[in-house]
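Peer 1: Dropping the structure in here first, questions after.
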Amino acid sequence: FALKEEAMPFRRLAGGRPDIAILVTGIGRANSERALRKFLQNNTPRQVFTCGFAGGLDPKLQTGDVIFSTTDAQLTQALTRATARPAVFACVDLIATSVFEKQMLRANTQADAVEMESEMIHVLCAERGIPCATVRVISDPAHEDLPLDFNQLSNPDQSLNFGKLALAIAKSPGKIPALLHLQKQTRLAARQLAAVLGRVIGL
């Protein structure tokens with residue numbers, strides 16, 4: 001997971017099981033690569049799931065839909081049984097914050113959803129022969145703008161700068177209802193993702 005908020009419902013569901021490691025990497029390719037390389041120095045997982053939120057590019061995908069991508073036949077079978085749907089992902093460097101950006105990504109990549117971490121995770125797992133799947137849940141569908149441009153509110157390491165966020169809200173208090181709506185959506189999405197992962201792993 002990139003964020004602790006994405007991982008929280010699954011962490012509760014996993015209940016500290018010793019055979020499950022939950023790694024929170026931070027946002028983006030560089031952070032996910034750095035965190036996973038460090039983890040793999042002392043661990044050899046049986047399988048890896050790169051999980052979290054994704055923005056919808058396919059207009060048919062709705063908030064809470066869980067989708068996946070993998071080249072591993074056994075993981076495909078397990079994820080399909082768990083009600084996740086196969087999809088094509090675009091891995092990008094910036095958050096797609098507007099409907100227009102999502103439409104352009106859809107047109108240019110033919111992807112169903114957009115996220116920011118999975119590409120390097122798959123590369124590192126492939127180098128080591130570890131089965132890997134991207135498992136993501138739609139947090140904001142294709143027809144929805146995000147209430148703020150979170151790229152402008154980030155620190156250099158792509159984490160959210162809460163000072164900038166507070167200032168942005170102070171300048172545009174009318175955005176508060178949309179932010180609360182997004183918070184509600186992401187909480188629902190994280191619970192949906194945890195449920196699917198739980199079914200795959202047998203929790």
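The values are calculated or read from the model by the stated rules, or taken from the named source; none is laboratory data. Predicted, not measured: the structure shown is a model, and the values here were computed from it. Neighbour counts are summed over all protein chains in view; Cβ atoms, including those assigned to glycine, are modelled from backbone coordinates with ideal geometry. What goes into the accessible areas is simple: the full protein's heavy atoms, side chains included, and nothing from ligands, DNA or RNA. Shrake-Rupley method; radii C 1.70, N 1.55, O 1.52, S 1.80 Å.
Peer 1: In the chain, carbon and sulfur make up what percent of the accessible area (probe 1.4 Å)?
Peer 2: Within the chain, the accessible surface is 55 percent carbon and sulfur.
Peer 1: Can you tell me the accessible area per residue over the chain, all protein chains present, probe 1.4 angstrom, in square angstrom? All intermediate terms of the calculation are to be shown ahead of the outcome.
Peer 2: Numbers: 10770 Å² over 203 residues.
Solvent-accessible surface per residue comes out at 53 Å².
Peer 1: Starting from the Cα of residue 171, draw a straight line to each of the aspartates and glutamates and keep only those under 18 Å, dropping any in the same chain fewer than 8 residues away.
Peer 2: 149
Peer 1: Turning to a different aspect of this structure: Relative contact order, percent, of region 1-133 when contacts are C-alpha pairs under 8 Å separated by at least 6 residues?
Peer 2: Reported relative contact order: 32 percent.
Peer 1: I'd like to know how region 9-85 sits against the 2.2 N^0.38 Å rule of thumb: what's its Cα Rg over that expected value? It would help to have the intermediate numbers written out before the result.
Peer 2: Values: Rg = 14.3 Å, N = 77, 2.2 N^0.38 = 11.5 Å.
Rg over 2.2 N^0.38 Å, computed on Cα atoms: 1.25.
Peer 1: Report, as a whole number in µm² per second, the diffusion coefficient that Stokes-Einstein gives for the chain at 25 °C and 0.890 mPa s using the Kirkwood radius over alpha carbon pairs.
Peer 2: Answer, rounded: 142 µm²/s.
Peer 1: Looking at the chain as a GNM with Cα springs under 10 Å, which of 17, 37, 136 has the largest mean-square fluctuation?
Peer 2: The residue with the greatest mean-square fluctuation here is 17.
Peer 1: Hey, got the Cα dimensions of region 81-124 along the principal axes, in Å, largest first?
Peer 2: The Cα atoms of region 81-124 stretch 33, 26, 16 Å along their principal axes.
Peer 1: What whole number of Å gives the distance from the Cα centroid of region 13-43 to the Cα centroid of region 48-87?
Peer 2: 19
Peer 1: Classify region 123-171: rounded, prolate or oblate, from the alpha-carbon gyration tensor (a ≥ b ≥ c, eigenvalue square roots; a/c under 1.5 rounded; otherwise prolate if a/b is larger than b/c)?
Peer 2: oblate
Peer 1: Still on this structure, I have one more. What does the C-alpha gyration tensor say about the overall shape of region 154-203? Classify as rounded when a/c is under 1.5, otherwise prolate if a/b is larger than b/c, or oblate.
Peer 2: oblate
Peer 1: What nm value, rounded to one decimal, do you get for the distance between residue 104 and residue 72 when each label is placed 7 Å out toward the C-beta?
Peer 2: Here the modelled spin labels are 3.6 nm apart.
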